[in-house]
Amino acid sequence: AAAEIATHAPRGGGHGDGAVLLGRSATETVHLVNHEHIPFNFNFDRSTYEDPGAASGKAPVLSFEPNSGVVPPNAKVPVVVSFVPDLEKPLNYNVVCAVRKKPSRLSLNVKGEGYAIHEALTVESAGGDLGGESAARGMELVAGSPNPVDFGQVLINERSIKHLALVNRGALNFDFVTDCGANSRVQIKPETGTVGKGERLMLELSYHPHQAEQLEQHRVTVAIVNGRKYHLSLSGTGHRPKL
């Protein structure tokens with residue numbers, strides 16, 4: 001039997017160079033090509049790509065759809081290869097595809113690497129209270145939980161600023177987006193951006209009251225694209241001096 005595997009460009013949740021975010025799926029379509037005038041059966045050998053020690057019910061890192069079937073005469077059948085990494089490490093598989101009546105097995109080399117986003121968000125500006133901690137020392141925020149940030153008393157038409165440091169501790173760049181809600185007196189700059197690997201980007205969080213008011217538990221969110229979200233719970237007072 002004359003058969004071959006033809007490959008095409010990958011698509012999906014990759015980050016270039018075969019790196020895929022943990023838990024995300026990247027796919028590539030390969031074709032089994034039959035050069036004969038008769039059909040042939042094929043089967044991808046699971047023992048060459050499945051982990052026998054994987055926990056029951058756990059999604060496989062590598063899968064093929066279909067895993068087996070028939071290729072008609074002088075035709076080709078697309079096979080979707082899915083890669084869902086669960087560990088931060090490079091992986092290399094030599095997958096065997098058995099074709100009935102073909103003396104030698106077809107082999108497909110599949111390489112990929114899992115990665116995770118490692119970031120930290122810290123309030124670094126002086127002035128105001130940060131949940132009882134000194135802002136001068138800085139405070140690392142906790143993802144998924146409300147992080148109190150107190151601007152204290154701010155004179156009307158003045159601007160109080162706190163600086164946030166967004167640090168990339170991982171091996172790949174990541175993007176972020178922010179949301180300040182409907183209160184126009186609260187702003188964060190830049191609103192979106194990219195933090196390169198090993199880099200530190202400063203964000204400016206400001207409160208600019210135009211009248212005497214009370215800012216209570218106003219939520220600001222800094223979200224890592226495909227990653228975690230940091231929620232800041234802002235408080236402060238727009239103060240009119242009694243002169």
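The values are calculated or read from the model by the stated rules, or taken from the named source; none is laboratory data. None of these values were measured; they are calculated from a predicted model. Using ideal geometry, Cβ is built from the backbone for each residue, glycine included, and neighbour counts are taken over all protein chains shown. Only protein heavy atoms, including side chains, enter the accessible area calculation; ligands, DNA and RNA are left aside. Shrake-Rupley method; radii C 1.70, N 1.55, O 1.52, S 1.80 Å.
If I take R0 = 51 Å and measure r between the Cβ atoms of GLU124 and ASP51 in this structure, what FRET efficiency does the formula 1/(1 + (r/R0)^6) give, to the nearest 0.05?
Numbers: r = 44 Å, r/R0 = 0.85.
Efficiency for this residue pair is about 0.70.
Can you pull the percent of the chain's accessible area that's carbon plus sulfur, 1.4 Å probe, other chains left in place? Provide the component values of the computation, followed by the final result.
Working: 6460 of 13400 Å².
Reported share for carbon and sulfur atoms: 48 percent.
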Taking a probe of 1.4 Å, how large is the accessible area per residue of the chain, in Å²? 55
Of LYS162/LYS189; LYS162/LYS197; LYS89/LYS111; LYS162/LYS242; LYS111/LYS197; LYS76/LYS111, which ones are farther than 20 Å apart at the Cα? LYS162/LYS197; LYS162/LYS242; LYS111/LYS197; LYS76/LYS111
Taking the Cα-to-Cβ direction at ILE156 and at ARG24 and moving 7 Å from each Cα, how far apart do the two end points lie in nm? 4.8
May I ask you to evaluate 6.51 cos²θ - 1.76 cosθ + 1.60, the Karplus curve with θ = phi - 60°, for each residue of segment 65-78 and list the ³J(HN,Hα) values in order in whole Hz, giving x for glycine and proline? 9, x, 7, 8, x, 10, 9, x, x, 6, 9, 9, 10, x
Aspartates and glutamates within cross-link reach of LYS101: Cα-Cα under 20 Å, excluding same-chain residues under 8 positions apart? GLU4, GLU36, ASP45
All alpha-carbon distances of the chain, grouped into 10 Å bins from 0, give the whole-percent distribution 7, 24, 20, 15, 13, 10, 7, 3, 1, 0
